[in-house]
1. Under the condition of being in a loop (DSSP other than H, G, I, E, B) and away from chain A (no Cβ under 14 Å), which residue from the stretch B:41-72 is farthest from the chain's Cα centre (by Cα)?
2. Does A:Ala87 meet the test of being crowded, with 20+ Cβ neighbours inside 10 Å, of a type in the set (A, V, I, L, M), within 12 Å of another protein chain (Cβ to nearest Cβ) and under 13 Å from the mean Cα position of the chain (by Cα)?
3. Quickly run through the stretch A:36-78 and pick out the residues that are closer than 20 Å to B:Phe89 by Cβ, surrounded by fewer than 18 Cβ atoms within 10 Å (Cβ to Cβ) and more than 13 Å from the chain's Cα centre (by Cα).
4. Within the bounds of the stretch B:99-110, is there any residue that is facing another protein chain (nearest Cβ under 8 Å), on the phi > 0 side of the Ramachandran plot and of a type outside the set (S, T, N, Q)?
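Every read-out reported here was derived from the displayed coordinates using simple, explicitly stated rules and does not represent laboratory data. A quick note: this is a predicted structure, and the numbers were derived from the prediction, not measured. In this analysis, Cβ positions are derived from the backbone assuming ideal geometry, glycine residues included, and neighbour counts consider all displayed protein chains.
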Amino acid sequence: DAGVTQSPTHLIKTRGQQVTLRCSPKSGHDTVSWYQQALGQGPQFIFQYYEEEERQRGNFPDRFSGHQFPNYSSELNVNALLLGDSALYLCASSLYSGGPYNEQFFGPGTRLTVL
Amino acid sequence: GNSVTQMEGPVTLSEEAFLTINCTYTATGYPSLFWYVQYPGEGLQLLLKATKADDKGSNKGFEATYRKETTSFHLEKGSVQVSDSAVYFCALDLGAAGNKLTFGGGTRVLVKP
């Protein structure tokens, strides 16, 4: 049973460029959340997708957008990259219940470096 | 807003020593509380959780008790091993649909043989 997978593993971009990160959830999961983890800090919630719609959003600008596909996989897009966008981007999947917490399973992350 | 504060590291210990990592939280409701662990080169893994006051979460020799009166969820282990070297994150979730985790800054633990 494959866990959460993310691609690519590492990525180097320059300021102003655009980037797309990809995530495949754990088998049986239908909800994908994205987090940004700056070096030496805890992860910060970006947004969450369920039924191909953005359900919750953290305190991130509109440059950060996403998408969920019918097979539950997801993409995170960041436009007009800034140096401060350099971070480890984590994807987490879970099974939506509409109620109390269901465990989120995290992928290994994509390390984005903006030069 | 909601926030989690945990002690800064690194924490350096000898094998078989006692480990405590302090965690306190601020939340607008009644959160569930979690400890996640990040081993070198790996993704975040759920270590333990507690969903209501006075609950004790435990796993792999680690324990943490949900203390509502002190808004704390301190992580403890009686005898650490070299394999426990990792970064530990305290987190909360308010339980609303969507499971949005708020993390602390992380505490790096290094266990020396």
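1. Ranking the candidates gives B:Glu69 first.
2. no
3. Across the stretch A:36-78, the qualifying residues are A:Ala38, A:Leu39, A:Gly40, A:Gln41, A:Asn59.
4. Yes, the stretch B:99-110 contains at least one residue that is facing another protein chain (nearest Cβ under 8 Å), on the phi > 0 side of the Ramachandran plot and of a type outside the set (S, T, N, Q).
Residues are listed down the side, and each one gets a yes or a no for (1) in contact (Cβ under 8 Å) with a residue 40 or more places away in the chain; (2) more than 11 Å from chain B (Cβ to nearest Cβ); (3) not in a helix (DSSP H, G or I):
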| site | (1), (2), (3) |
| --- | --- |
| A:Gln41 | no, no, yes |
| A:Asp62 | no, yes, yes |
| A:Asn77 | yes, yes, yes |
| A:Ala80 | yes, yes, yes |
